[in-house]
Amino acid sequence: MDLNTLQRYIKCYIQDNDSDHITFCWHGGEPLLAGLDFYRMAVEFQKIYSNGKIIENTLQTNGTLINNEWADFFAKENFLVGISIDGPEKVHNINRSNSFDKTIKGLEYLKRASVEFNTLSALSIESSGLGKETYQFLKDIGSQYMQFLPVVEHVKKIKNYPTPVICNPEDPEGAIAPWSISSRDYGNFLIDVFDTWVKENDIGKIFVQIFDATLSRMCGYKAGVCSMNKECGDCLVVEHNGNVYSCDHFVYPSYKLGNITLDSLRDMYKSSLQSNFRKAKSSGLPEKCRKCIWQSLCSGECPKHRFATDGYVNYLCSGLQHYFRHTTPYFSTLRDELLKKS
(Lines give C-alpha, C1' and ligand atoms only; values in the text may rest on other atoms or scores of the structure.)
Protein backbone atom coordinates (compact mmCIF):
# COMPACT_ATOMS: atom_id res chain seq x y z
CA MET A 1 0.00 0.00 0.00
CA ASP A 2 1.47 3.37 -0.97
CA LEU A 3 1.59 6.11 1.66
CA ASN A 4 -1.17 8.23 0.12
CA THR A 5 -3.58 5.26 0.26
CA LEU A 6 -2.39 4.42 3.77
CA GLN A 7 -3.02 7.98 4.97
CA ARG A 8 -6.46 8.03 3.37
CA TYR A 9 -7.36 4.68 4.93
CA ILE A 10 -6.29 5.67 8.44
CA LYS A 11 -8.06 9.03 8.24
CA CYS A 12 -11.31 7.48 6.96
CA TYR A 13 -11.30 4.55 9.36
CA ILE A 14 -10.95 6.83 12.38
CA GLN A 15 -13.30 9.58 11.22
CA ASP A 16 -16.01 7.32 9.80
CA ASN A 17 -16.09 5.14 12.91
CA ASP A 18 -18.60 6.08 15.62
CA SER A 19 -16.60 4.30 18.30
CA ASP A 20 -14.10 6.12 20.50
CA HIS A 21 -11.99 2.95 20.62
CA ILE A 22 -10.42 2.08 17.24
CA THR A 23 -8.50 -1.09 16.45
CA PHE A 24 -6.42 -1.43 13.31
CA CYS A 25 -5.84 -5.03 12.26
CA TRP A 26 -2.84 -5.54 9.97
CA HIS A 27 -2.85 -8.72 7.90
CA GLY A 28 -1.28 -10.03 4.70
CA GLY A 29 0.04 -12.22 3.08
CA GLU A 30 2.93 -11.39 5.34
CA PRO A 31 2.43 -7.83 6.62
CA LEU A 32 6.02 -7.34 7.79
CA LEU A 33 7.12 -7.34 4.15
CA ALA A 34 5.78 -3.78 4.01
CA GLY A 35 8.76 -2.77 6.13
CA LEU A 36 9.17 -1.12 9.49
CA ASP A 37 9.05 2.42 8.06
CA PHE A 38 5.56 1.67 6.71
CA TYR A 39 4.25 0.98 10.21
CA ARG A 40 6.10 3.93 11.68
CA MET A 41 4.23 6.12 9.20
CA ALA A 42 0.97 4.33 10.00
CA VAL A 43 1.38 5.14 13.69
CA GLU A 44 2.20 8.76 12.87
CA PHE A 45 -0.93 9.06 10.73
CA GLN A 46 -2.96 7.53 13.57
CA LYS A 47 -1.67 10.18 15.96
CA ILE A 48 -2.50 12.95 13.51
CA TYR A 49 -6.11 11.84 12.99
CA SER A 50 -6.91 10.26 16.36
CA ASN A 51 -8.85 13.32 17.60
CA GLY A 52 -8.85 12.04 21.15
CA LYS A 53 -9.89 8.50 20.25
CA ILE A 54 -8.05 5.49 21.67
CA ILE A 55 -6.08 3.76 18.91
CA GLU A 56 -4.86 0.16 19.13
CA ASN A 57 -3.03 -2.04 16.64
CA THR A 58 -2.98 -5.78 16.10
CA LEU A 59 -0.81 -7.54 13.55
CA GLN A 60 -0.79 -11.13 12.29
CA THR A 61 2.61 -12.44 11.17
CA ASN A 62 4.48 -15.68 10.60
CA GLY A 63 7.22 -14.14 12.76
CA THR A 64 10.13 -14.99 10.47
CA LEU A 65 11.19 -11.36 9.95
CA ILE A 66 10.95 -10.24 13.56
CA ASN A 67 14.21 -8.99 15.06
CA ASN A 68 15.14 -6.68 17.92
CA GLU A 69 14.17 -3.57 15.96
CA TRP A 70 10.70 -4.91 15.14
CA ALA A 71 10.16 -6.17 18.69
CA ASP A 72 11.19 -2.83 20.21
CA PHE A 73 8.77 -1.02 17.88
CA PHE A 74 5.90 -3.34 18.81
CA ALA A 75 6.65 -2.84 22.49
CA LYS A 76 6.91 0.95 22.21
CA GLU A 77 3.67 1.29 20.21
CA ASN A 78 1.82 -1.38 22.21
CA PHE A 79 1.01 -3.69 19.27
CA LEU A 80 -0.74 -6.99 19.96
CA VAL A 81 1.06 -9.48 17.72
CA GLY A 82 -0.49 -12.68 16.48
CA ILE A 83 2.01 -15.38 15.62
CA SER A 84 0.98 -17.89 12.96
CA ILE A 85 2.33 -21.22 14.12
CA ASP A 86 0.51 -24.43 13.29
CA GLY A 87 1.93 -26.60 16.05
CA PRO A 88 5.08 -28.65 16.62
CA GLU A 89 7.86 -28.49 14.04
CA LYS A 90 6.73 -31.62 12.19
CA VAL A 91 3.32 -30.05 11.54
CA HIS A 92 4.28 -26.42 11.05
CA ASN A 93 6.99 -27.04 8.47
CA ILE A 94 4.81 -29.07 6.11
CA ASN A 95 2.75 -26.12 4.90
CA ARG A 96 5.03 -23.24 5.90
CA SER A 97 8.26 -23.84 3.97
CA ASN A 98 10.33 -25.20 6.87
CA SER A 99 10.07 -21.84 8.67
CA PHE A 100 9.64 -23.25 12.19
CA ASP A 101 13.05 -22.21 13.55
CA LYS A 102 12.67 -18.65 12.22
CA THR A 103 9.18 -18.37 13.69
CA ILE A 104 10.35 -19.53 17.12
CA LYS A 105 13.27 -17.11 16.96
CA GLY A 106 10.89 -14.26 16.14
CA LEU A 107 8.71 -15.25 19.07
CA GLU A 108 11.72 -15.12 21.38
CA TYR A 109 12.39 -11.53 20.30
CA LEU A 110 8.82 -10.64 21.24
CA LYS A 111 9.14 -12.27 24.64
CA ARG A 112 12.38 -10.46 25.44
CA ALA A 113 10.74 -7.14 24.58
CA SER A 114 7.61 -8.04 26.62
CA VAL A 115 5.34 -7.72 23.57
CA GLU A 116 1.85 -9.11 24.09
CA PHE A 117 1.18 -11.96 21.67
CA ASN A 118 -1.27 -14.71 20.85
CA THR A 119 -1.06 -17.66 18.49
CA LEU A 120 -3.08 -18.68 15.47
CA SER A 121 -2.80 -22.28 14.28
CA ALA A 122 -4.09 -23.23 10.85
CA LEU A 123 -5.51 -26.75 11.05
CA SER A 124 -4.89 -28.66 7.85
CA ILE A 125 -5.13 -32.39 7.29
CA GLU A 126 -1.67 -32.60 8.89
CA SER A 127 -3.14 -31.52 12.24
CA SER A 128 -5.59 -34.42 12.39
CA GLY A 129 -5.30 -36.40 15.63
CA LEU A 130 -2.83 -33.93 17.16
CA GLY A 131 -5.10 -31.76 19.31
CA LYS A 132 -3.52 -32.61 22.65
CA GLU A 133 0.03 -32.44 21.27
CA THR A 134 -0.62 -29.10 19.58
CA TYR A 135 -2.18 -27.60 22.71
CA GLN A 136 0.71 -28.75 24.89
CA PHE A 137 3.22 -27.35 22.42
CA LEU A 138 1.55 -23.94 22.27
CA LYS A 139 1.32 -23.86 26.03
CA ASP A 140 5.02 -24.73 26.32
CA ILE A 141 6.05 -21.82 24.08
CA GLY A 142 4.08 -19.44 26.29
CA SER A 143 0.83 -18.94 24.41
CA GLN A 144 -2.01 -18.00 26.73
CA TYR A 145 -4.39 -17.01 23.91
CA MET A 146 -4.93 -19.58 21.17
CA GLN A 147 -6.92 -19.53 17.95
CA PHE A 148 -7.48 -22.60 15.81
CA LEU A 149 -8.43 -21.89 12.21
CA PRO A 150 -9.75 -24.81 10.13
CA VAL A 151 -8.17 -24.90 6.68
CA VAL A 152 -11.00 -25.57 4.23
CA GLU A 153 -10.17 -24.35 0.75
CA HIS A 154 -11.40 -24.86 -2.79
CA VAL A 155 -9.12 -25.28 -5.76
CA LYS A 156 -9.60 -25.70 -9.49
CA LYS A 157 -7.40 -26.52 -12.43
CA ILE A 158 -6.57 -23.78 -14.91
CA LYS A 159 -5.46 -24.56 -18.43
CA ASN A 160 -1.69 -24.38 -18.97
CA TYR A 161 -1.11 -23.83 -15.25
CA PRO A 162 0.98 -26.52 -13.50
CA THR A 163 -0.92 -26.78 -10.21
CA PRO A 164 -4.52 -26.17 -9.06
CA VAL A 165 -5.22 -22.66 -7.73
CA ILE A 166 -7.42 -21.54 -4.83
CA CYS A 167 -10.81 -20.36 -6.01
CA ASN A 168 -14.12 -19.00 -4.77
CA PRO A 169 -16.07 -21.74 -2.89
CA GLU A 170 -19.03 -20.83 -5.10
CA ASP A 171 -17.10 -21.70 -8.28
CA PRO A 172 -18.82 -24.77 -9.81
CA GLU A 173 -15.46 -25.99 -11.11
CA GLY A 174 -13.91 -25.96 -7.66
CA ALA A 175 -13.21 -28.94 -5.41
CA ILE A 176 -12.08 -29.34 -1.80
CA ALA A 177 -8.31 -28.89 -1.60
CA PRO A 178 -6.53 -32.10 -0.58
CA TRP A 179 -4.82 -30.37 2.35
CA SER A 180 -8.15 -29.34 3.95
CA ILE A 181 -8.99 -30.86 7.32
CA SER A 182 -12.09 -33.04 7.43
CA SER A 183 -15.10 -32.01 9.47
CA ARG A 184 -14.82 -34.97 11.82
CA ASP A 185 -11.09 -34.46 12.37
CA TYR A 186 -11.71 -30.80 13.15
CA GLY A 187 -14.29 -31.72 15.77
CA ASN A 188 -12.02 -34.36 17.30
CA PHE A 189 -9.13 -31.88 17.38
CA LEU A 190 -11.21 -29.36 19.35
CA ILE A 191 -12.39 -32.08 21.74
CA ASP A 192 -8.82 -33.23 22.40
CA VAL A 193 -7.78 -29.65 23.11
CA PHE A 194 -10.81 -29.15 25.35
CA ASP A 195 -10.20 -32.32 27.37
CA THR A 196 -6.55 -31.37 27.88
CA TRP A 197 -7.53 -27.80 28.85
CA VAL A 198 -9.94 -29.12 31.50
CA LYS A 199 -7.70 -31.93 32.75
CA GLU A 200 -4.77 -29.57 33.29
CA ASN A 201 -7.00 -27.04 35.07
CA ASP A 202 -6.17 -24.30 32.59
CA ILE A 203 -9.58 -22.62 32.77
CA GLY A 204 -8.98 -18.93 33.42
CA LYS A 205 -5.28 -19.35 32.61
CA ILE A 206 -5.28 -20.35 28.95
CA PHE A 207 -7.89 -18.84 26.62
CA VAL A 208 -9.00 -20.67 23.49
CA GLN A 209 -11.04 -18.53 21.13
CA ILE A 210 -13.71 -21.07 20.21
CA PHE A 211 -14.20 -22.03 23.88
CA ASP A 212 -14.75 -18.37 24.80
CA ALA A 213 -17.11 -17.98 21.84
CA THR A 214 -19.12 -21.08 22.77
CA LEU A 215 -19.55 -19.93 26.35
CA SER A 216 -20.53 -16.43 25.23
CA ARG A 217 -23.25 -17.83 22.97
CA MET A 218 -24.52 -20.09 25.77
CA CYS A 219 -24.77 -17.03 28.03
CA GLY A 220 -26.78 -15.19 25.39
CA TYR A 221 -24.04 -12.82 24.29
CA LYS A 222 -22.38 -12.24 20.93
CA ALA A 223 -19.36 -14.42 20.27
CA GLY A 224 -15.93 -12.85 20.00
CA VAL A 225 -15.54 -14.46 16.60
CA CYS A 226 -17.75 -13.51 13.65
CA SER A 227 -18.29 -17.06 12.38
CA MET A 228 -20.49 -17.92 15.38
CA ASN A 229 -22.69 -14.83 15.35
CA LYS A 230 -26.08 -14.62 13.67
CA GLU A 231 -24.87 -12.02 11.20
CA CYS A 232 -21.45 -11.29 9.76
CA GLY A 233 -20.15 -8.40 7.70
CA ASP A 234 -18.24 -6.43 10.33
CA CYS A 235 -14.83 -7.58 9.08
CA LEU A 236 -14.32 -5.56 5.92
CA VAL A 237 -10.93 -5.80 4.27
CA VAL A 238 -8.94 -3.01 2.62
CA GLU A 239 -6.50 -4.30 0.01
CA HIS A 240 -3.13 -2.72 -0.86
CA ASN A 241 -4.67 -0.75 -3.75
CA GLY A 242 -7.48 0.61 -1.60
CA ASN A 243 -10.18 -1.80 -2.79
CA VAL A 244 -12.66 -2.68 -0.05
CA TYR A 245 -14.43 -6.06 0.13
CA SER A 246 -17.18 -7.50 2.30
CA CYS A 247 -14.86 -9.87 4.17
CA ASP A 248 -11.30 -11.15 3.93
CA HIS A 249 -12.72 -14.56 2.99
CA PHE A 250 -14.62 -13.05 0.07
CA VAL A 251 -12.09 -10.97 -1.83
CA TYR A 252 -13.78 -11.63 -5.17
CA PRO A 253 -15.18 -9.15 -7.73
CA SER A 254 -18.82 -9.71 -6.75
CA TYR A 255 -18.05 -8.66 -3.16
CA LYS A 256 -16.16 -5.45 -3.93
CA LEU A 257 -17.75 -2.48 -2.13
CA GLY A 258 -15.60 0.30 -3.58
CA ASN A 259 -12.19 1.91 -3.09
CA ILE A 260 -10.97 3.82 -0.07
CA THR A 261 -9.41 6.53 -2.24
CA LEU A 262 -12.72 7.28 -3.96
CA ASP A 263 -15.54 6.21 -1.65
CA SER A 264 -16.63 6.82 1.92
CA LEU A 265 -15.83 3.89 4.20
CA ARG A 266 -19.01 4.60 6.14
CA ASP A 267 -21.08 4.52 2.95
CA MET A 268 -19.48 1.24 1.86
CA TYR A 269 -20.16 -0.32 5.26
CA LYS A 270 -23.80 0.80 5.17
CA SER A 271 -24.34 -0.03 1.49
CA SER A 272 -27.11 -2.33 0.34
CA LEU A 273 -24.46 -4.74 -0.98
CA GLN A 274 -22.91 -5.09 2.46
CA SER A 275 -26.30 -5.20 4.14
CA ASN A 276 -27.33 -8.09 1.91
CA PHE A 277 -24.04 -9.84 2.63
CA ARG A 278 -24.61 -9.41 6.37
CA LYS A 279 -28.16 -10.74 6.33
CA ALA A 280 -27.44 -13.62 3.94
CA LYS A 281 -25.77 -15.59 6.71
CA SER A 282 -29.03 -16.15 8.58
CA SER A 283 -31.50 -15.86 5.70
CA GLY A 284 -29.54 -18.46 3.71
CA LEU A 285 -29.65 -21.13 6.40
CA PRO A 286 -31.19 -24.36 5.10
CA GLU A 287 -34.13 -25.92 6.92
CA LYS A 288 -31.88 -28.58 8.41
CA CYS A 289 -29.84 -25.87 10.14
CA ARG A 290 -32.89 -23.99 11.36
CA LYS A 291 -34.15 -27.12 13.13
CA CYS A 292 -30.75 -28.06 14.57
CA ILE A 293 -30.42 -27.83 18.35
CA TRP A 294 -26.90 -26.40 17.97
CA GLN A 295 -27.87 -23.60 15.63
CA SER A 296 -28.07 -21.14 18.55
CA LEU A 297 -24.37 -21.74 19.15
CA CYS A 298 -22.80 -21.95 15.71
CA SER A 299 -25.29 -19.78 13.76
CA GLY A 300 -24.42 -21.83 10.70
CA GLU A 301 -20.72 -21.00 11.12
CA CYS A 302 -18.77 -19.13 8.41
CA PRO A 303 -20.53 -18.74 5.04
CA LYS A 304 -17.30 -19.59 3.26
CA HIS A 305 -17.69 -23.15 4.54
CA ARG A 306 -21.20 -23.59 3.17
CA PHE A 307 -21.05 -25.68 0.04
CA ALA A 308 -23.65 -27.36 -2.13
CA THR A 309 -23.42 -30.56 -0.12
CA ASP A 310 -26.35 -31.91 1.87
CA GLY A 311 -28.53 -28.90 1.12
CA TYR A 312 -25.95 -26.14 1.60
CA VAL A 313 -25.10 -27.29 5.12
CA ASN A 314 -21.76 -26.10 6.46
CA TYR A 315 -18.82 -28.34 5.58
CA LEU A 316 -17.77 -28.38 9.25
CA CYS A 317 -21.26 -29.21 10.54
CA SER A 318 -20.71 -32.78 11.76
CA GLY A 319 -17.45 -31.90 13.48
CA LEU A 320 -18.98 -28.90 15.24
CA GLN A 321 -21.95 -30.94 16.40
CA HIS A 322 -19.54 -33.52 17.81
CA TYR A 323 -17.67 -30.74 19.65
CA PHE A 324 -20.87 -29.16 21.02
CA ARG A 325 -22.26 -32.49 22.26
CA HIS A 326 -19.02 -33.20 24.09
CA THR A 327 -18.48 -29.79 25.67
CA THR A 328 -22.00 -28.53 26.40
CA PRO A 329 -22.38 -30.31 29.80
CA TYR A 330 -19.27 -28.57 31.10
CA PHE A 331 -20.05 -25.19 29.55
CA SER A 332 -23.61 -25.37 30.91
CA THR A 333 -22.26 -25.73 34.44
CA LEU A 334 -19.76 -22.93 33.87
CA ARG A 335 -22.52 -20.71 32.43
CA ASP A 336 -24.75 -21.30 35.45
CA GLU A 337 -21.92 -20.39 37.80
CA LEU A 338 -21.16 -17.23 35.87
CA LEU A 339 -24.80 -16.13 35.79
CA LYS A 340 -25.11 -16.64 39.55
CA LYS A 341 -22.26 -14.18 40.06
CA SER A 342 -23.59 -11.60 37.65
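The values are calculated or read from the model by the stated rules, or taken from the named source; none is laboratory data. Fair warning: this is a prediction, and the values are worked out from it, not measured in the lab. Don't worry about glycine lacking a Cβ; one is built from the backbone with ideal geometry, like all the others, and counts go over all protein chains shown. Note: accessible area is taken over every heavy atom of the protein model, side chains too, but ligands, DNA and RNA are not part of it. Shrake-Rupley method; radii C 1.70, N 1.55, O 1.52, S 1.80 Å.
Positive-end ranking of ALA223, LEU190, PRO169 along the dipole of region 169-224, with charges on Cβ about the Cα centre, is headed by ALA223.
Relative to one another, the C-alpha centroids of region 7-32 and region 229-301 are positioned 18 Å apart. Shape verdict for the chain, please, from the Cα gyration tensor: rounded (a/c under 1.5), prolate (a/b greater than b/c) or oblate. The shape class here is rounded.
Report the FRET efficiency, 1/(1 + (r/R0)^6), for GLU200 and ARG290, where r is their Cβ-Cβ distance and R0 is 45 Å, rounded to 0.05. About 0.75, to the nearest 0.05.
Compared with the alpha-carbon gap, the fully stretched path from THR163 to ASP248 is longer by 28.3 nm at 0.36 nm per residue.
The fraction of all Cα pairs in region 93-137 landing in successive 5 Å bins from 0 to the largest distance is 5, 16, 22, 27, 18, 10, 2, given as whole percents. A quarter of the convex hull surface defined by the alpha-carbon atoms of region 17-160 gives 11.4 nm² as the mean projection. Amide H contacts for GLY224 (H built 1.01 Å from N in the peptide plane; partners 5 or more residues away or on another chain; cut-off under 5 Å): ALA213. Over 28 Å between Cα atoms, which of LYS199/LYS341; LYS111/LYS132; LYS256/LYS281; LYS53/LYS279; LYS159/LYS304 qualify? Listed pairs above 28 Å: LYS53/LYS279. The fraction of accessible area contributed by carbon and sulfur in the chain is 51 percent, rounded to a whole number (1.4 Å probe; ligands and nucleic acids excluded). Heavy atoms of the protein chains alone define the surface here; on that basis the chain has 51 Å² accessible area per residue at 1.4 Å probe size.
Each Lys and Arg contributes +1 and each Asp and Glu -1, all at the Cβ; summed about the Cα centre of the chain, the dipole is approximately 800 debye.
Each label point was placed 7 Å from the Cα along the Cα-to-Cβ direction; for THR261 and GLU231 their separation is 3.2 nm.
Each listed q (0.12, 0.20, 0.23, 0.27 Å⁻¹) maps to a log10 I(q)/I(0) for region 1-65 from the Debye sum over equal C-alpha point scatterers, namely -0.30, -0.80, -1.01, -1.27. With the simple spin-label model, which puts each label point 7 Å out from Cα in the Cβ direction, the LEU339 to HIS21 separation comes to 2.5 nm. Close amide-amide hydrogen proximity is noted between ASN57 and PHE24, LEU80, each under 5 Å apart and 5 or more residues distant or on a separate chain (H modeled in the peptide plane; Pro and chain starts excluded).
The modelled label-to-label distance between TYR330 and LYS90, using points 7 Å beyond Cα along the C-beta direction, is 2.5 nm.
Estimated purely from DSSP H runs of n ≥ 4, each contributing -39500 (n - 2.57), the mean residue ellipticity at 222 nm for the chain is -12500 deg cm²/dmol once divided by its residues. For LYS156, the aspartates and glutamates whose Cα falls under 19 Å of its own Cα, not counting residues fewer than eight places away in the same chain, are GLU170, ASP171, GLU173. When the P(r) of region 221-276 is calculated, the portion above 15 Å amounts to 45% of the C-alpha pairs. Kirkwood-type hydrodynamic radius, region 194-333: 16.7 Å, calculated from all non-identical alpha-carbon pairs. Over the Cα atoms of region 168-218, the radius of gyration divided by the Kirkwood radius equals 1.16; this is the Rg/Rh ratio. Along the axis of the charge dipole computed for the chain (Cβ charges of +1 for Lys and Arg, -1 for Asp and Glu, origin at the Cα centre), the listed residues ILE14, PHE250, ALA122 are led at the positive end by PHE250.
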